[in-house]
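Engineer: The structure follows.
The values are calculated or read from the model by the stated rules, or taken from the named source; none is laboratory data. None of these values were measured; they are calculated from a predicted model. Cβ coordinates were reconstructed from backbone atoms using ideal geometry, including for glycine residues, and neighbour counts include every protein chain displayed. Just so you know, the surface numbers come from the protein's heavy atoms only, side chains and all, with ligands and any DNA or RNA stripped out. Shrake-Rupley method; radii C 1.70, N 1.55, O 1.52, S 1.80 Å.
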Amino acid sequence: MEGYVADLRAAANASLSRYEPLVLVAGPLLALLVAWLIPGIKSYMEAEKKKVVDKLQSGDKSKKDSWRTELPGAGLGEAVLEKLHEDKRKDVMWQGKCSGTVYIGGSESEGHFNLINEAYSMFSHTNPLHQDIFQSVARYEAEVVAMTAALLGSKEKSSGGQICGNMTSGGTESILLAVKSSRDYMRMKKGISNPEMIIPESAHSAYDKAAQYFRIKIWRVSVNKDFQADVKEIRRYIVGSAPGFPHGVIDPIEELGGLAYKYGICLHVDLCLGGFVLPFARKLGYPLPPFDFSVRGVTSISTDVHKYGLAPKGTSVVLYRNHEIRKHQFVAVTEWSGGLYVSPTIAGSRPGGLIAGAWAAMMSLGLEGYLENTRAIMEATKKIQRGIEEIPELFVIGRPDMTVVAFGSDDVNIFEVNDQMSRRGWHLNALQRPNGLHICVTLQHVSAVDDFLKDLKESVSTVSEGKPGPHHSGLAPVYGAAGKMPDRGFVGSC
Amino acid sequence: MEGYVADLRAAANASLSRYEPLVLVAGPLLALLVAWVVQSLLSMVGEKGAKAAALGFIMALVKLIPGVKSYMEAEKKKVVDKLQSGDKSKKDSWRTELPGAGLGEAVLEKLHEDKRKDVMWQGKCSGTVYIGGSECEGHFNLINEAYSMFSHTNPLHQDIFQSVARYEAEVVAMTAALLGSKEKSSGGQICGNMTSGGTESILLAVKSSRDYMRMKKGISNPEMIIPESAHSAYDKAAQYFRIKIWRVRVNKDFQADVKEIRRYVNKNTFLIVGSAPGFPHGVIDPIEELGGLAYKYGICLHVDLCLGGFVLPFARKLGYPLPPFDFSVRGVTSISTDVHKYGLAPKGTSVVLYRNHKIRKHQFVAVTEWSGGLYVSPTIAGSRPGGLIAGAWAAMMSLGLEGYLENTRAIMEATKKIQRGIEEIPELFVIGRPDMTVVAFGSDDVNIFEVNDQMSRRGWHLNALQRPNGLHICVTLQHVSAVDDFLKDLKESVSTVKENPGPITGGLAPVYGAAGKMPDRGFVGELLIEYMDNSC
């Protein structure tokens, strides 16, 4: 043993003798210095992070101090409604000014809004958890699902005639459930116990949520030059969107389907945005590639009724190729002293009023109503696209297939353009890779196309005419900074 | 070198030549097979516990006998059909395609018509509707109007819908204040979010605790321990989030058994759970003892106040003797409470609270690699109905502390009356000691599920419990004026069953009875899923 230590010592000395004594002394000291500096770097980064957060919340702090933190002693009774009216009056103007956000046209206290609010109110006491008691709502849910499925190929022979699904609280829940069901289905079928899924860079952030929640490894792969899922890059559980939220481009669903079929894995198609537009656009004669259950290999689809379906917020549908896959969505509990329990979706109790609202929206519009709406927003979109193409500093990103137009610029800082648009009351979405903005066109915008293009032109020229550098009132530095920051974990922890 | 390899080869061949060639080929394959079987057995035992795994193994063997599997499938189908009695033909008339021309405003008449045909629920359902009075007057009207005023909003866009963002923050803060956030022992850092309901609140608390403990203690094979009485949402969380769950038996008072829970704590344990009260029997778990256990092991403790959050703080103020149950207890790291139950808010509103921001941060999901921009989301849903948040805020502000105190007094008194009434029925006994507004009862003399069928015939919708078999009623404002009717019907139902024991046609007693006794719980689970698959 002693001999061994001696050998080791001799070997170390021999190898260190290559260096000059100075290096041998200074090296460890330098290393310690660097280690000591790192906490300093950390606190510097914390301070920078705080600055960015404060900027994002500009002025929120003082406002928040006045917020209520305890129940009033005596209730306000009916007078609370006046308070609500007052608050609402003070909210910012959103009519026709926001990308996406409100999909129903007209005023929020008239017409279609009134209709779905009344439907909600009529059934706000209901809860589909108690399906034996609230039978109408149970039927509404089944009919909303069936009517939606019929739009997405369930009546076609190639679908296999077994399409089934459920209503959920929104696109994220639909995607989460589809991922969970696919994970468990594949576990049963192929014994995959370390699940991985592959999604294009353009696929919705809900898949990242699913990956974190359900302990799934996720691969976000680059899109091709047309901003479509790059089939070559993708090979387990895969995802396509029709269209993707960032650039409004439809992924090559048929090719993805071929890939999924070949490897015997699941393919989810995200039609959250497109489900209540594409089927009607196709009927109107717009040239569209296939995107639904008519495509072999597609195993599940999500689609939001609360977007272009014009239903109240909190309504979406998840659909499956067949019952065998969907069964893995359900959770059955047999060991609870509260009784036998089985639950189809994430939530236990659910607001039946929203389901009644969705049913009322679909029934009151009918096929004709949706066709008319689709025509109006598709035309508004094309006008916006042409208008943007006419602004020399801007270019349209990809080839918009539906109602989302994304644009960027090589000449001006696009996020400064966004700030200028915000000053003019617009709320657009900021994109990255490449940096860009998009507007998701809804019925709210049909009469606002000219205003939008006028403001956009002005904004671009304000930015290009001068005042270089960031405008300190707005958010451009944040978008710019975050887009360039190499440590993405830092961005996440804000 | 080459010579050495050649020597080695020769020696191996010489020693193997003793065996016949078949053995040489099959041996390694067999060894692999055995290893595979052992590994999958071990992982199954690890996942489900030894007893359930052994049972599953035996059942799998039994199902290999020809005919058994198809017999079981047929039995399953029979049960499912029974549960859905007559649903099938009704469903055939349901709509499967959009109407060509929309109905426009006329759809409202259809809704009215459908609603008229729904069954009577007023005052007849356990839990279900917590707001008193008619659903088109008074408080219902108020929250519906609040909803309608803000139904176009979505807190996802908090820069646009600033009122709703404030309502959410205020609902959370007002709720937290009821649960100890203003007390010094809370640490003054309580924070939280609104969610869509009790299940989401529980799911988020479990997810945040899992990730917090992973960061803090490096737990990568997370396990949680819950009492048998804890809500089924934890099972959901376990399945969703790939967590091992231990459901352990309760003590003789139907409370969480702290000693039993301690037995299951190991280095992978990240969470234990208490309820105040548990849904099945309305009994409050010993939160202080659980807090001590969690604190000692440095793990998380979630307290489920989904049912109790808007009753217990008021009941305490009214002088009911109650053990501590909130953030004033050391060791409690998160709490869930439903505003849409006794908070009298619209369905779809609940609150999840955390001891501090460090834990809550693990609730959020930040996405930096999406071309749709930087994204961070606090809860499960992305878009959320702002109208429901406005409705919850309106409910809390319109009632105020006084309103809740008054409501709590009314339902606590109604509950005590029901409890006394049940105790007076000689065939029945009350399960445990109801702490709040849930009364569970069983019987040694009659089949309690047959009593349930009799109650159903009389228009009641109660909850069926197991271990022990029982029923419960969760008392709401709807029942305050229905106490006498309930007791009268219950007495009649008991004597009907006593005089004519045995199942009635269309009754579910045999199904519940069999499902409770069946040893193969996996089969019962399949049955439930089959049922759900057929009914939605």
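Engineer: Mind grabbing the accessible area of B:LYS90 for me, 1.4 Å probe, Å², rounded to tens?
Structural biologist: Answer for B:LYS90: close to 90 Å² accessible.
Engineer: Placing +1 at every Lys and Arg Cβ and -1 at every Asp and Glu Cβ, with all other atoms neutral, what dipole size does the range B:400-535 have around its Cα centre, in debye to the nearest 20?
Structural biologist: 180 debye
Engineer: Still on this structure, please answer the following. Rank these residues by their accessible area, most exposed first, probe 1.4 Å: B:LEU462, A:LEU177.
Structural biologist: Heavy-atom accessible area, descending, gives B:LEU462, A:LEU177.
Engineer: Something else: List the residues of the range B:222-246 that lose 30 Å² or more of accessible area once all protein chains are present, compared with their chain alone (1.4 Å probe, heavy atoms only, no ligands or nucleic acids).
Structural biologist: Those are B:GLU228, B:SER232, B:LYS236, B:GLN239, B:TYR240, B:PHE241, B:ARG242, which lose 30 Å² or more relative to the chain on its own.
Engineer: For peptide A:131-138, what's the mean number of Cβ atoms from other chains within 10 Å of each residue's Cβ?
Structural biologist: So the per-residue partner count for this stretch is 6.
Engineer: Let me have the 222 nm mean residue ellipticity of chain A computed from DSSP H runs of 4+ only, each contributing -39500 (n - 2.57), with the sum over all residues rounded to the nearest 500.
Structural biologist: Rounded to the nearest 500, the figure is -14500 deg cm²/dmol.
Engineer: Roughly how many Å² is the accessible area per residue of the protein assembly as shown, as a whole number, for a 1.4 Å probe?
Structural biologist: Spelled out: the 1.4 Å probe surface of the protein assembly as shown, per residue, equals 42 Å².
Engineer: Moving to a separate point now. What spacing in nm lies between the two simple spin-label points modelled at B:ALA101 and B:ALA6, each 7 Å away from Cα in the Cβ direction?
Structural biologist: Result for the modelled spin labels: 9.8 nm.
Engineer: Could you give the distance between the Cα centres of the range B:369-444 and the range B:475-519, to the whole Å?
Structural biologist: Cα centroid to Cα centroid, the span is 23 Å.
Engineer: To continue, here is another question. Over the Cα atoms of the range B:400-535, Rg to Rh with Kirkwood Rh, two decimal places?
Structural biologist: With Rg and the Kirkwood Rh in hand, the quotient comes to 1.02.
Engineer: Please pull out the direction-averaged projected area of the range B:1-84, using the convex hull of its alpha-carbon atoms, in nm² to one decimal place.
Structural biologist: 10.8 nm²
Engineer: A further question follows. Set Lys and Arg Cβ to +1 and Asp and Glu Cβ to -1, take the dipole of the protein assembly as shown about its Cα centre, and tell me which of B:ILE380, A:ILE133, B:PHE327 lies farthest positive.
Structural biologist: Looking along the dipole axis, the top candidate is B:PHE327.
Engineer: So, with a 1.4 angstrom probe, what is the percent of accessible area on the range B:400-535 that is carbon and sulfur?
Structural biologist: 49 percent
Engineer: What does the charge add up to near A:GLY408, with Lys and Arg as +1, Asp and Glu as -1, over the other residues with Cβ less than 13 Å from its Cβ?
Structural biologist: -4
Engineer: What is the spread of the Cα atoms of the range B:82-196 along each of their three principal axes, largest first, in whole Å?
Structural biologist: Dimensions of the range B:82-196 along the principal axes of its Cα atoms: 60, 38, 30 Å.
Engineer: Please work out the FRET efficiency for the pair B:ASN268 and A:ARG18, using the Cβ-Cβ distance as r and a Förster radius of 41 Å; give the result to the nearest 0.05.
Structural biologist: 0.30
Engineer: Ok, one more. Can you send over the solvent-accessible area of B:ASP92, 1.4 Å probe, protein chains only, in Å² to the nearest 10?
Structural biologist: Per-residue accessible area (B:ASP92): approximately 120 Å².
Engineer: To continue, here is another question. In terms of solvent-accessible area of protein heavy atoms at a 1.4 angstrom probe, what is the ranking of A:TRP67, A:TRP359, highest value first?
Structural biologist: Sorted by accessible area, descending: A:TRP67, A:TRP359.
Engineer: Output the 0 to 90 degree angle, nearest 10, between the alpha-carbon long axis of helix B:2-16 and the longest principal axis computed from the alpha carbons of chain B.
Structural biologist: The two axes meet at around 80 degrees.
Engineer: Dividing the alpha-carbon radius of gyration of the range A:120-365 by 2.2 N^0.38 Å (N being the number of residues), what value is obtained?
Structural biologist: 0.98
Engineer: Okay, moving on. Taking only Cα atoms of chain A, what ratio of Rg to Rh do you get with Rh as the Kirkwood inverse-distance radius?
Structural biologist: Taking Rg over the Kirkwood Rh, I get 1.06.
Engineer: If one takes the accessible area of chain B alone plus chain A alone and subtracts that of the pair, with a 1.4 Å probe, what total in Å², rounded to the nearest 100, results?
Structural biologist: For B against A, buried area totals roughly 12300 Å².
Engineer: Loop-only chymotrypsin sites (Phe, Trp or Tyr not before Pro) in the range B:1-39, please: DSSP not H, G, I, E or B, and at most 11 other Cβ atoms within 10 Å.
Structural biologist: Answer in residue order: B:TYR19.
Engineer: Shifting gears a bit: Tell me the net charge near A:HIS427. Cut-off is 13 Å between Cβ atoms, A:HIS427 excluded, with +1 for each Lys or Arg and -1 for each Asp or Glu.
Structural biologist: -1
Engineer: Next question. Using only Cα atoms, find the angle between the long axis of helix B:198-217 and the longest principal axis of chain B, and express it within 0 to 90 degrees, rounded to the nearest 10.
Structural biologist: Tilt of helix B:198-217: around 40 degrees.
Engineer: Now, a different point. Tell me the GluC sites (Glu not before Pro) within the range A:109-204 that lie in a loop according to DSSP and have at most 15 other beta-carbon atoms within 10 Å.
Structural biologist: Filter output for the range A:109-204: A:GLU110, A:GLU156.
Engineer: Roughly how many Å² of B:VAL367 are accessible to a 1.4 Å probe, to the nearest 10?
Structural biologist: Counting only protein heavy atoms, the figure is 0 Å².
Engineer: Ok, one more. Distance in nm between label sites at A:ARG187 and B:LYS296, each 7 Å beyond Cα in the beta-carbon direction?
Structural biologist: So the two model labels end up 3.3 nm from each other.
Engineer: Quick one: net charge around A:ALA242, please, counting Lys, Arg +1 and Asp, Glu -1 for every other residue with C-beta under 12 Å from its C-beta.
Structural biologist: Residues close to A:ALA242 contribute a combined charge of -4.
Engineer: Here is a further query. If I histogram all Cα-Cα distances within the range A:297-378 using bins 5 Å wide from 0, what percent of pairs lands in each bin?
Structural biologist: In order of increasing distance, the bins hold 3, 12, 16, 18, 16, 15, 10, 5, 2, 2, 1 percent.
Engineer: Also, quick follow-up: Given R₀ = 41 Å, what would the calculated FRET efficiency be for B:LEU30 paired with B:SER93, taking r from the Cβ atoms and rounding to 0.05?
Structural biologist: 0.10
Engineer: Kirkwood hydrodynamic radius, computed over distinct alpha-carbon pairs, for the range B:124-257: how many Å, to one decimal?
Structural biologist: Evaluated over the range B:124-257, this radius sits at 18.5 Å.
Engineer: For the protein assembly as shown, take the alpha-carbon Rg, divide it by the Kirkwood Rh, and send me Rg/Rh.
Structural biologist: Result for the protein assembly as shown is an Rg/Rh of 1.00.
Engineer: Right, next: Hey, any idea what % of the range B:148-398's accessible area is carbon plus sulfur with a 1.4 Å probe?
Structural biologist: Of all accessible area on the range B:148-398, carbon and sulfur atoms account for 50 percent.
Engineer: Using a 1.4 Å probe and counting only protein heavy atoms, arrange B:SER371, A:SER43, B:SER148 so the residue with the most accessible area comes first.
Structural biologist: Highest to lowest solvent-accessible surface, that is A:SER43, B:SER148, B:SER371.
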